[in-house]
């Protein structure tokens, strides 16, 4: 990329395949980050730029870590544990790395009380168990 030097950060949409499991444990999901972390460390080191996740998040459905970019609205099953475990693993694996500068969560809505909830299997973490995990990591110390 001829313009790397002009950028402050490198933006990556973090929809990496992390796990083939229906409901990966946090530890299983963390091990799925190994390959992707190695690539990001290499890119960050090579360019001397930190990485920002321009989008990250998981749906609350089975196999959410297999193809995390999947937005097929015909999928109807729910899996709050998968969403929570995958999100926890992401925070534990990359959030405090030196090469990492933060990220933008997908998908957060303005009308908080009207979205998400325990019957919603889409990306929003709002009004779902994963919301507390996210709040803990965005907390200002």
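The values are calculated or read from the model by the stated rules, or taken from the named source; none is laboratory data. Everything quoted here is computed from the prediction, not taken from an experiment. Cβ atoms come from the backbone with ideal geometry, glycine included; neighbour counts cover every protein chain shown.
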Response to the item:
Going through (1) farther than 20 Å from residue 129 by Cα; (2) at pLDDT below 95; (3) out of contact with any helix residue (DSSP H, G or I) (no Cβ under 9 Å at 6 or more places or on another chain) one by one, residue 47 fails only at (3)
Practice prompt. Go through the range 125-141 and give me each residue that's out of contact with any strand residue (DSSP E or B) (no Cβ under 9 Å at 6 or more places or on another chain), within 21 Å of residue 62 (Cα to Cα) and surrounded by 12 or more Cβ atoms within 10 Å (Cβ to Cβ).
Written response: 126, 127, 128, 129, 130, 131, 133
